[in-house]
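Worksheet: the structure to be examined is printed underneath.
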Amino acid sequence: MKKIIKWTIIIAVLALAGYWGYGQMKPKAPAEPVMEEPQIISFPVTEETMVSTVQVKGKSEYGRETNVYAPFEAKVESWNVRNGQQIRKGDVLFSLEQKAIRQQLQQKEAELQKKKLEREMKEFTLNQDLDNASVGATEAERLKVLADQENARLSSQLEEVNSDIERQVMADLQDKLKKSTHRSPDSGIFLFDSTQQTQPQSVTANQYIGKIVDLNSLRFVALVGENDVFSIKPGMAVEVKLPSIKDLKLKGKVLEVAKFAETIAQEKQTSQTPQFKVIISLPKNDRLIGGLTLTGDIVTKRKDKAVVVPKLAVMTEEGNSYVMVDKGGGQIERRDIKTGMETLDKIEVVSGLKAGDTVVLQ
């Protein structure tokens, strides 16, 4: 009997140990996932000023430039201007050699005077012959005198024509002599032609010497594509920035919008979209010079007191726009809206919402 009780106890202990061990080694059932409440992002409906802009990029250029050319071929006697010098209208820029011109002028004057004296001598001789032939002259002699008189008259006319030509040549030489002292046609900064030697020792006829730029005519020249050109109009405000001077922001206005696209090389015409030139005014500023890279935001549309919501809160279904409105107390309803202006991140609501409403994104 004692043995039976003993073995019963041993078996019970072993059973309990085995059950405990099985419980430890048995894989646990996966925990039930906890369903989180869907997060709701809310946005207030606001009333603000909406601005639509077109971004442009270009360079600063001088709108008023006067080119300077050499009047004729000659050696340069003296230069009175340096590159980058401020000049006024009428200042002497350079003087060309005058010696050869003066010699030609003196020679032409002498030739003209000589021809005048020769003509007067012929007229005097002819008159003498006429006087001598009038007394006791035969018919043949009188006819000869008349023929000589007619020849003299025609010769005189021809010589007068030649004299007129000579006088014109002299007038051209006088004008050339006057232009040899070349004066500035305008006021501004003088810049020599960068492709040639500064202050050349000799020039050819109509050679490009340089230009005079008006510093007060600085403007912003930008290029825009065909998608933007029709939304830009003269008079629109522009905020101008300089990438090289981060803290400088300027106010300008659109002066001119080109009606024709810029000329593009034939090989690029198929790969590039048409570009149109836009001229923008620039205010006076000491840090502005020609050739700077500029960017600008042209304000094409502006609306005050517009009802505005973030773009991501507006949904579209079959061409109709709608938002989800938080009515409070956990109530959310769909509401159709009509939209207006759009910017990069906001959209105007023309009807369906008012300032103070709250829209949500689920």
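The values are calculated or read from the model by the stated rules, or taken from the named source; none is laboratory data. Because the structure is a prediction, the values reported are computed rather than measured. Positions of Cβ are generated from backbone atoms using ideal geometry, with glycine treated the same way; all protein chains shown enter the neighbour counts. Ligands, DNA and RNA are excluded from the accessible area calculation, which covers all protein heavy atoms including side chains. Shrake-Rupley method; radii C 1.70, N 1.55, O 1.52, S 1.80 Å.
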(request) Take GLN266 and decide whether it is under 20 Å from the mean Cα position of the chain (by Cα), over 30 Å from ASP357 (Cβ atoms) and either open to solvent by 80 Å² or more (accessible area, probe 1.4 Å) or modelled with pLDDT of 90 or more (or both). (result) no
(message) Could you check the range 204-217 and list, in sequence order, the residues that are touching a Pro at 6+ places or on another chain (Cβ under 9 Å) and buried (at least 19 other Cβ atoms within 10 Å of the Cβ)?
(response) ILE209, ILE212
(request) Kindly indicate whether any position in the range 225-239 is of a type in the set (Ser, Thr, Tyr) and open to solvent by 60 Å² or more (accessible area, probe 1.4 Å). (result) no
(request) Would you be able to tell me the number of residues in the range 204-219 that are within 17 Å of ASP186 (Cβ to Cβ) and in a loop (DSSP other than H, G, I, E, B)? (result) 1
(message) Looking at GLY319 and the list (1) over 26 Å from ILE40 (Cβ atoms); (2) touching a residue at least 60 places away in the same chain (Cβ under 8 Å), which single condition is not satisfied?
(response) (2)
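Quick grid of which residues meet (1) at pLDDT 85 or above; (2) polar (S, T, N, Q):
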residue	(1), (2)
SER78	yes, yes
LEU96	yes, no
ARG102	yes, no
LEU117	no, no
GLU120	no, no
ALA137	no, no
(message) Just to be sure I understand the filter: pairs with C-beta atoms under 7 Å, separated by 6 or more residues or on different chains, first member in the range 293-315 and over 25 Å from VAL325 (Cβ atoms) and touching a residue at least 60 places away in the same chain (Cβ under 8 Å), second member of a type in the set (Asp, Glu) and open to solvent by 10 Å² or more (accessible area, probe 1.4 Å). Which pairs pass?
(response) GLY296/GLU239; ASP297/GLU239
(request) Take ILE245 and decide whether it is surrounded by fewer than 17 Cβ atoms within 10 Å (Cβ to Cβ) and hydrophobic (A, V, I, L, M, F, W, C). (result) yes
(request) Determine if the range 216-225 includes at least one residue that is touching a Ser or Thr at 6+ places or on another chain (Cβ under 6 Å), of a type in the set (Gly, Ala, Ser) and more than 30 Å from LYS115 (Cα to Cα). (result) yes
(request) Search the range 100-123 for residues that are closer than 26 Å to ALA74 by Cα and pair each with any residue that is of a type in the set (Ser, Thr, Tyr) when their beta-carbon atoms are under 9 Å apart and the residues are at least 6 apart or on different chains. (result) ILE101/SER180; LEU112/SER163
(request) Keeping to the range 159-189, report how many residues are β-branched (Val, Ile, Thr) and open to solvent by 80 Å² or more (accessible area, probe 1.4 Å). (result) 1
(request) From (1) at pLDDT 90 or above; (2) loosely packed, with under 14 Cβ neighbours inside 10 Å; (3) closer than 23 Å to LYS241 by Cα; (4) not β-branched (Val, Ile, Thr), pick out the condition that doesn't hold for LEU292. (result) (2)
